[in-house]
Structure formats: structure tokens, C-alpha cells
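J.: Would you mind keeping the following structure in view while I ask a few things?
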Amino acid sequence: MRNIFEQIHELDGIPGLSKHEQLVQGIINSINEKIVTQGDPLPSVNTLIKEVGFARETIAKGYKELVRRGIVESKNRVRFYVANEATGQQLKVALLLFAFDSFQETFYKTFRSKLGENVHIDVFFHHNNIDVFETIISNMRGKYGMYVIAPIPHPRTAGILKTLPMNMFLMIDRYEPMDVEFSYVTQEFEQASYDAFAQLADTIKSFDEMIFYHRPAADTPIEILNAFKRFIKDFKVKGVVKNEYLPGALEKGKVYFTINNAELWLMLKDSKTKKMKLGKDVGILSHNDDVVKEIICDGITTYSTDFRSMAEKAAEFVLTRNKVQEIIPTVLIRRNSI
């Protein structure tokens, strides 16, 4: 360990270099010189106080910066280890998503672009499994400078998330309440869905029935189901909820609404096979817009939040750490399918 202290002391007296910057650079130099490598322990705060004479607050600030960059890993905020030998990076971000669907790919590409080259991103997926979610967060804790997470609606979620430092945490996509202050950039599902259905009410009523495919065990927000049930009651629309779309089930005179893209592609395939004209013989509504839905079959009507805007605001939070609490609006995009 003596060589680490020497690396720190060698920076004494450099003009414009604060004590905490001296500590940070001394440890970075130690990594670059292979004095310590990935997985090696670093001196404790008490040891550094004794060996280099810096104040406890100064050492804590230095270690905090190294953790933020992803160079150092903190365990219980007491023990520190070399986490990464890529000392040139300025920040390491953990991004935890549901799955890599097309709209989440849009989020990622925009997020990646806005953060710039000096920020490292590790991407994880929980697939709406609370045990996987908890394991991922447990394993990432203390290894990243920022945590950007799409949560799961589950009674355990808040307790799991609160193990992360809230000043380094951003909730994205779906909002889940917690009894602490935290930042979020999310969308809203229930009222937004109801409003989209209401805007389409006259067109929907021109068909015989509206069918919504909702999979209870999947990550489909329950709020959308609530909105659908309220809509068909308020607007006196004949509507039904089914678990999944089966190939060949497309019927003339019905409106089909699905959140699942795989089901959407099956519907479109069936409409072509059965020679049904979208918007006339059958209606189709989809959730979460992307470029394919704009083009395919002369356009699929969707309602969606702006995932590019969500990603831009998330990246701004990561770079500035300015508190943000924002719901990104959801808009109806009318095309030829209904």
C-alpha cells in the first residue's frame, strides 16, 4: 500500500490541484502504474487520514468521485476496491430496462448519443421478474456513479430501490411511488390511455366491437386495462378483454388493440392473408410508436410517449445531477389503421 501513498504525496504542491483532486489523481496514477489492478483493495479512509494527513471529508469526497466515474467500487461505504482500469472515463452509468424492445432501443440510442464518449453505460434487463430485478440491483450497488432504472410494479420494488443512493438515482419509463425524494422522467398510463381511446371514440363506434389483448402475467400496465374498462363503460362501446391474439383470429368489423408487437405483426399478416382493409374492414390500434409503425401497411395508429425526449431529459440529469420530476406527455398519432 505504501506506493499508493507515495503516488498521492508526489502531487503535493501542484498549483490549482485541491486535496481531493490530489487523492483522486494519486489513485488513478496508482492504477495506471499497475500498483493496484482491478479487484484489489484500496486504503481505508482511516488509513489515508493517518498516511497522507487529509481530512476525512476530503478523502470521502475523493472516493465518491472515483465511485461516480466507475473506477472504484464501494462496499458498505467502508471498503473500497479497484472496479475498472479504464481511468480515462468520467462517469459509469447502470441502465436497467424491462427488455430491449424497439421503443427501448430508441431510448437507449438517444441516451447513448446525448451522454457522449466519456460516459460508460452498462445495460441490464429484468424482464419484469422481481427476483432478477433485486439481484441485478444488489450486484450493481456501489459500482456506478449513476443508476437509471425502469422499475417493476411490485410491493418489493420501493424497498429494493431505496438501497441505492437517491442522489445518483433516476426512475424512467414507469412511475412507482417511494416514501423518499427521488428524480424521475416517466410516462403516465391510465389517463393517457383513456384520452387516446376517447379521441378515437367515434371511429371505434363505427365498428361492432373493440378487443383489447391484455396478458396479466406480462409487463402490460394494469392502468391501461383500467382505462379500457372505463372507456367502454363511459362511451357505451361493446368491448372485451382477451389474454392473447391467436393466428387467424382477425374478424371483419372489429377494432383490435394490443401492446405486444408480436401480436401486432400477426394481426397485420392476417389482414393481408384475409384481404381485409385496415381502417375499413378492421381497425388496429397499437401502443408505443416507432418508425416501422409509421411505414408498414400505410401506417398504424398509435398512442405513445416521446421516448427520445425521455432519453434526452434522462441524459441531462446524469450529466448535471439537477433534480428532475417530470411526466412526458403521451400523444395519439392517427394513421390509416383506424
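The values are calculated or read from the model by the stated rules, or taken from the named source; none is laboratory data. The structure displayed is predicted, hence computed values, not measured ones. As a convention, Cβ positions derive from the backbone with ideal geometry for all residues, glycine included, and neighbour counts pool all protein chains shown.
J.: Take the residues of the range 11-35 that are in a loop (DSSP other than H, G, I, E, B) and touching a Leu at 6+ places or on another chain (Cβ under 7 Å): which is nearest to GLU85 (Cα to Cα)?
T.: LEU11
J.: Return the only residue of LEU246, LEU332, LEU268 being more than 19 Å from TYR108 (Cβ to Cβ), of a type in the set (A, V, I, L, M) and touching a Phe, Trp or Tyr at 6+ places or on another chain (Cβ under 7 Å). So that I can check it myself, show each step before the final result.
T.: On the way: LEU246 fails: touching a Phe, Trp or Tyr at 6+ places or on another chain (Cβ under 7 Å); LEU268 fails: touching a Phe, Trp or Tyr at 6+ places or on another chain (Cβ under 7 Å).
Result of the check over LEU246, LEU332, LEU268: LEU332.
J.: What strands (runs of 3 or more DSSP E), lying completely within the range 280-332, carry at least 1 residues that are of a type in the set (Phe, Trp, Tyr) and more than 16 Å from the chain's Cα centre (by Cα)?
T.: On the way: elements: 283-287, 301-305, 325-327.
In the range 280-332, 301-305 are the strands (runs of 3 or more DSSP E) which contain 1 or more residues that are of a type in the set (Phe, Trp, Tyr) and more than 16 Å from the chain's Cα centre (by Cα).
Here's the yes/no breakdown for (1) modelled with pLDDT of 90 or more; (2) of a type in the set (D, E, K, R); (3) surrounded by 20 or more Cβ atoms within 10 Å (Cβ to Cβ):
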site: TYR144; (1), (2), (3): no, no, yes
site: TYR147; (1), (2), (3): yes, no, yes
site: PRO155; (1), (2), (3): yes, no, no
site: ASN167; (1), (2), (3): no, no, no
site: MET171; (1), (2), (3): yes, no, yes
site: TYR175; (1), (2), (3): yes, no, no
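J.: Moving on. I want to confirm something. Restricting to the range 307-338 and keeping residues that are charged (D, E, K, R) and farther than 30 Å from LEU250 by Cβ, which single residue is modelled with the lowest pLDDT?
T.: As a first pass, look at the range 307-338 and keep what is charged (D, E, K, R): 308, 312-313, 316, 321, 323, 326, 334-335.
Now restrict to residues that are farther than 30 Å from LEU250 by Cβ: 308, 312-313, 316, 321, 323, 326.
On the way: ARG308: 95, GLU312: 97, LYS313: 98, GLU316: 96, ARG321: 83, LYS323: 94, GLU326: 98.
Restricting to residues being charged (D, E, K, R) and farther than 30 Å from LEU250 by Cβ, the top hit is ARG321.
J.: Ok, one more. Looking only at the range 266-305, how many residues end up being out of contact with any helix residue (DSSP H, G or I) (no Cβ under 9 Å at 6 or more places or on another chain) and of a type outside the set (S, T, N, Q)? Please lay out each step first, then the result.
T.: So in the range 266-305, the residues out of contact with any helix residue (DSSP H, G or I) (no Cβ under 9 Å at 6 or more places or on another chain) come out as 266-267, 269-270, 273-275, 280, 294-295, 298.
In the following step, the residues that additionally are of a type outside the set (S, T, N, Q) were identified as 266-267, 269-270, 274-275, 280, 294-295, 298.
Residues that pass the stated criteria total 10.
J.: Starting from residues that are crowded, with 18+ Cβ neighbours inside 10 Å and acidic (Asp, Glu), keep the ones in the range 284-305 and report whichever is modelled with the highest pLDDT.
T.: Of everything passing the filter in the range 284-305, ASP289 is modelled with the highest pLDDT.
J.: Search the range 216-239 for residues being aliphatic (A, V, I, L, M) and assigned to a loop (DSSP other than H, G, I, E, B), and hand back the single one that is surrounded by the most Cβ atoms within 10 Å (Cβ to Cβ). I'd like the intermediate steps shown before the answer.
T.: So in the range 216-239, the residues aliphatic (A, V, I, L, M) come out as 217-218, 222, 224-225, 227, 232, 237.
Narrowing further to those that are assigned to a loop (DSSP other than H, G, I, E, B): 217-218, 237.
Values: ALA217: 7, ALA218: 14, VAL237: 17.
Top of the filtered list is VAL237.
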